[in-house]
Amino acid sequence: MATTTPPYDLEHATSYHPIPAAPPAERHGSNKLLPAILFSSFFLLSIVLLIIKQEQPIPQAKLNKQNPSTRPLIEPPSRGAAQGVSEKVFRRVSGGGKLSFAWTNAMLTWQRTAYHFQPEKNWMNGPLFYKGWYHFFYQYNPDSAVWGNITWGHAVSKDLINWFHLPFAMVPDQWYDINGVWTGSATILPDGRIVMLYTGDTYDVVQVQCLAYPANLSDPLLLNWVKDPNNPVMVPPPGIGYKDFRDPTTAWLSPDGDKWRITIGSKVNKTGISLVYETKDFIKYDLLDEYLHEVPGTGMWECIDFYPVSLTESNGLDTSVNGPGIKHVMKVSLDDDKNDYYALGTYDPIKNKWIPDDPELDVGIGLRYDYGKYYASKTFYDQNKQRRILWGWIRETDAEELDILKSWSGVQNIPRTVVFDKKTGTNVIQWPVEEVESLRSDSVEFNDIKLGPGSITPLKVDSASQLDIVASFEIDKEALELTSEAETGYDCPISGGAANRGILGPFGIVVLADESLSELTPVYFYIAKGTNGKVETHFCADELRSSQAADVEKIVYGSKVPVLDGEKLSIRSLVDHSIVESFAQEGRTVITSRVYPTKAINGEARLLLFNNATAASVTASIKIWKMGSADIRPYPLDQL
């Protein structure tokens, strides 16, 4: 790959110079509790099975029938793009003030999750662990369920599941962040101090990096934050667009141990790049000559994350760890397609270079954290339990008018641990934090359920809207071995979904289905055998029939998933109303689905097993837990 060198001497060339006597900024109340939530998560450090009916043929007509949209799409106003950040309006569906489906309060109320973190209302980033509390800072609009007036919401938790809302951490009240307090990251220094670097959007719409820190380190809640008088501490260097300079990472130590390094995402033409700065005091910075990494054709890199993983241990690592037995993960959020990509590689701190293990799986062109609706993710090192935890933002995929009607938008995923996959050596493993299991209650387990070709098995559950499902599947080995017909080019997004039958699939689970199967969301495997006899396993989630409404996106997500010899196929799905997070093969491939059913809600939601293959039989085992609701509420500040 050709190297793109900086167009100038970035350290010494002329750069953006803010006007010292900037217009006075309007101050916002900073002690006001979150009044409404609309998540646009920015990371700063930034079900019970009672009865199994006999197998029945899948009603093909119902599985194949889709609900066409009959209304013309009218584009809502753009939000975010004029300021250089990714478009915050979901563009594939929009009512333009006019909705085609008669939504009811019951439908919209059901969509709100029960155990995922989200603000009380409106539009909704960097986590850390400090003095017994997990802190989560997130981008929040206190005024509306649409993007804008980006403020830092703040919440704390003892277990990453139950949360207290705190007063805003930071508000856009200075000339250098008056257009938004954007993504940032926290670094805990060896002496216990905390530094927070974040992107501010200036009064003249320039992206700059700013420094903040807690006013009182003895306060475990970190209620008050101070913006440094030297702000902004970094401005766009020459050759970098004023709107292409954002999202600083957590800092890591330089090779000599006396300086800190951070990386910031940007682009040069269509080449995504990561700039690296070095500092001793987090106020003065030197821009290093080389890019940490670059990938042509990937466009603007947002929300870069850079961290080590151990090749031998199952615990997480502090961000500064490097050496033998260590790989580094580089992750970027691509502004062009709104997906989070990562790659494994080797970091050379002397040359300030990160090299991917497999250039064909480089950042932005290879692996993704999540093949569903998932963006702007950020990890942090949890020194309390020695693990690395990943957070991501699940955006809405319905018309903006619906977000305004229900008064909130956006959700955070259940926090996930991230480790290197020692079995494959080519990917990371993501898994829900163990704390989520505290919400499990009644469970039922069924083993060795036979699913013949073209069969479906309804599973009666009390409430299929809040479930933790673990299922495994074994395909008939004889059918697998005798199948000679080759199937090449299978790809979940263009496959036509679970209704498209093949010799060896699809098979899996169906969540959030109504009694008549007019609404349903299958999560499944599809096995394709190539001309060389090699088997490829695909993991997919099909939203095509997830809702009868035309005001929402309905597509198929998915990708290939590595399956090693002797492994059963496994799915874990966390169902929480309008969010379904699904993990294949213990977290090698993950899909987050955003669904908006109109019938399969409350007591009408159903869970099923299915096998829609034409030739192969499947044996399934499943365990289902009811999930309780997380306790998410304002902190009782009057009791302090």
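The values are calculated or read from the model by the stated rules, or taken from the named source; none is laboratory data. Values in this document were obtained by computation on a predicted structure and should not be read as measured data. Here Cβ is always computed from backbone atoms with ideal geometry, including for glycine, and neighbour counts include all displayed protein chains. Keep in mind that these areas ignore ligands, DNA and RNA; they rest on the heavy atoms of the full protein, side chains included. Shrake-Rupley method; radii C 1.70, N 1.55, O 1.52, S 1.80 Å.
Can you find even one residue in the range 343-351 that is of a type in the set (Gly, Ala, Ser), on the phi < 0 side of the Ramachandran plot and in contact with a helix residue (DSSP H, G or I) (Cβ under 6 Å, 6 or more places away or on another chain)?
Scanning the range 343-351 turns up at least one residue that is of a type in the set (Gly, Ala, Ser), on the phi < 0 side of the Ramachandran plot and in contact with a helix residue (DSSP H, G or I) (Cβ under 6 Å, 6 or more places away or on another chain).
Restrict the check to the range 455-473 and report whether at least one residue is open to solvent by less than 10 Å² (accessible area, probe 1.4 Å) and assigned to a loop (DSSP other than H, G, I, E, B).
Yes: one or more hits.
Based on what the data block shows, is THR614 of a type in the set (S, T, N, Q), under 30 Å from GLU485 (Cα atoms) and not in a strand (DSSP E or B)? Walk me through it before giving the result.
Working: of a type in the set (S, T, N, Q): yes; under 30 Å from GLU485 (Cα atoms): yes; not in a strand (DSSP E or B): yes.
Yes: the conditions hold for THR614.
Does the range 275-283 include one or more residues that are closer than 20 Å to ARG193 by Cβ, of a type in the set (D, E, K, R), part of a strand (DSSP E or B) and modelled with pLDDT of 95 or more?
To start, the set of residues in the range 275-283 that are closer than 20 Å to ARG193 by Cβ comprises 277-283.
Imposing the further condition that a residue be of a type in the set (D, E, K, R) reduces the set to 278, 280-281.
Subset that is part of a strand (DSSP E or B): 278.
Filter again for modelled with pLDDT of 95 or more, leaving 278.
Scanning the range 275-283, I find at least one residue that is closer than 20 Å to ARG193 by Cβ, of a type in the set (D, E, K, R), part of a strand (DSSP E or B) and modelled with pLDDT of 95 or more, so the answer is yes.
Just to be sure I understand, how many residues within the range 182-213 are over 24 Å from the mean Cα position of the chain (by Cα), assigned to a strand (DSSP E or B) and of a type in the set (Phe, Trp, Tyr)?
Residues in the range 182-213 being over 24 Å from the mean Cα position of the chain (by Cα), assigned to a strand (DSSP E or B) and of a type in the set (Phe, Trp, Tyr): 1 in total.
Restricting to the range 394-421, name every residue that is in a loop (DSSP other than H, G, I, E, B), more than 13 Å from the chain's Cα centre (by Cα) and within 26 Å of VAL329 (Cα to Cα). Spell out how you get there, then give the answer.
Taking the range 394-421 as the starting set, the residues that turn out to be in a loop (DSSP other than H, G, I, E, B) are 395-397, 399, 407, 410, 413-415, 421.
Checking which are more than 13 Å from the chain's Cα centre (by Cα) leaves us with 397, 399, 407, 421.
Correct list: ASP421 only.
Within the range 422-443, how many residues turn out to be within 20 Å of SER629 (Cβ to Cβ), over 17 Å from the mean Cα position of the chain (by Cα) and not in a helix (DSSP H, G or I)?
Final tally of qualifying residues: 4.
Does ASP173 fit the bill of being open to solvent by 10 Å² or more (accessible area, probe 1.4 Å), among the acidic types (Asp, Glu) and more than 30 Å from LYS280 (Cα to Cα)?
no
Right, ASP201: in contact with a helix residue (DSSP H, G or I) (Cβ under 7 Å, 6 or more places away or on another chain) and at negative phi or not? Give the derivation first.
Details: in contact with a helix residue (DSSP H, G or I) (Cβ under 7 Å, 6 or more places away or on another chain): yes; at negative phi: yes.
The answer is yes for ASP201.
Restricting attention to the range 321-333, and to residues there that are open to solvent by 10 Å² or more (accessible area, probe 1.4 Å) and in contact with a Ser or Thr (Cβ under 9 Å, 6 or more places away or on another chain), which single residue is farthest from VAL428 (Cα to Cα)?
Top of the filtered list is VAL321.
Enumerate the pairs (first residue in the range 366-395 and under 21 Å from GLY265 (Cβ atoms); second residue anywhere and open to solvent by 10 Å² or more (accessible area, probe 1.4 Å) and among the small types (Gly, Ala, Ser)) with beta-carbon separation below 8 Å, excluding pairs fewer than 6 apart on the same chain, so at least 6 apart or on different chains.
Short answer, once both residue conditions are applied: ARG368/SER559.
Out of all the residues in the range 480-487, is one or more over 19 Å from SER582 (Cα atoms) and in contact with a Gly (Cβ under 7 Å, 6 or more places away or on another chain)? Give the derivation first.
First, the residues of the range 480-487 that are over 19 Å from SER582 (Cα atoms): 480-487.
Those left that are additionally in contact with a Gly (Cβ under 7 Å, 6 or more places away or on another chain): 486-487.
Yes, the range 480-487 contains at least one residue that is over 19 Å from SER582 (Cα atoms) and in contact with a Gly (Cβ under 7 Å, 6 or more places away or on another chain).
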